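The values are calculated or read from the model by the stated rules, or taken from the named source; none is laboratory data. As the structure is a prediction and not an experimental result, all values here were calculated from the model. Glycine gets a Cβ as well: all are built from the backbone with ideal geometry, and neighbour counts include every protein chain shown. To get the accessible areas, we keep the full protein, side chains included, count just its heavy atoms, and leave off ligands, DNA and RNA. Shrake-Rupley method; radii C 1.70, N 1.55, O 1.52, S 1.80 Å.
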Amino acid sequence: QVHIVESGGGLVQPGGSLRLSCEVFGMFFGIYNMAWYRQAPGKQRDEVAVITHAGSTTYADSVKGRFTISRDNSKNTVDLQLNSLEPEDSAVYYCHAPGRPEDAWGQGTQVTVSS
């Protein structure tokens, strides 16, 4: 059974940075694409960034140039570096494998951008 643990969120001022980390248990991690998503209160969960099993990356337009996704297949982890944060980036951030909809979602990690 897959278990996902996200960490690294917090309160940061506009323009600040955070690094989110996600560790995945119970899955042959290295063969799957991984993605970060976020969900703000009252809104749907949106895909933010994707990294393929080979390391290619894509980003939502709203975060392109500010966020960077990376992975370490030896540690079963996928990170998201968040730079130049804006209040609109405030949300709960989750990671998940897009190709495995049957897996349970983790608890997420809260990012709050506020002065």
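Residue order by solvent-accessible surface for Arg19, Arg66, Arg45 is Arg19, Arg45, Arg66, largest first, with ligands and nucleic acids left out and a 1.4 Å probe. Short to long, the 10 Å bins of the Cα pair-distance histogram for the stretch 27-95 hold 20, 52, 24, 3 percent of all pairs.
Using a probe of 1.4 angstrom and keeping all protein chains present, the accessible surface of the stretch 44-115 works out to 50 square angstrom per residue. Taking the Cα centre of the chain as reference, the dipole from Cβ charges on Lys and Arg (+1) and Asp and Glu (-1) amounts to some 100 debye. Measuring with a 1.4 angstrom probe and ignoring ligands and nucleic acids, Tyr94 comes out at about 30 Å² accessible. What percent do you get for the relative contact order of the stretch 29-115 when only Cα pairs under 8 Å and 6+ apart count? This gives 29 percent for the stretch 29-115. Measuring nothing but protein heavy atoms, the accessible surface of the chain at 1.4 Å probe radius is 48 percent carbon and sulfur.
In the chain, the C-alpha radius of gyration followed by the widest Cα-Cα span (Dmax) gives 13.3, 41 angstrom.
3J(HN,Hα) couplings calculated from phi for the stretch 15-28 with the Karplus curve 6.51 cos²θ - 1.76 cosθ + 1.60 (θ = phi - 60°) are, in sequence order, x, x, 9, 9, 10, 9, 10, 9, 10, 10, 10, x, 9, 6 Hz; Gly and Pro show x. Among Val50, Val12, Val78, the largest mean-square fluctuation in a Gaussian network model of the chain (Cα springs under 10 Å) belongs to Val12.
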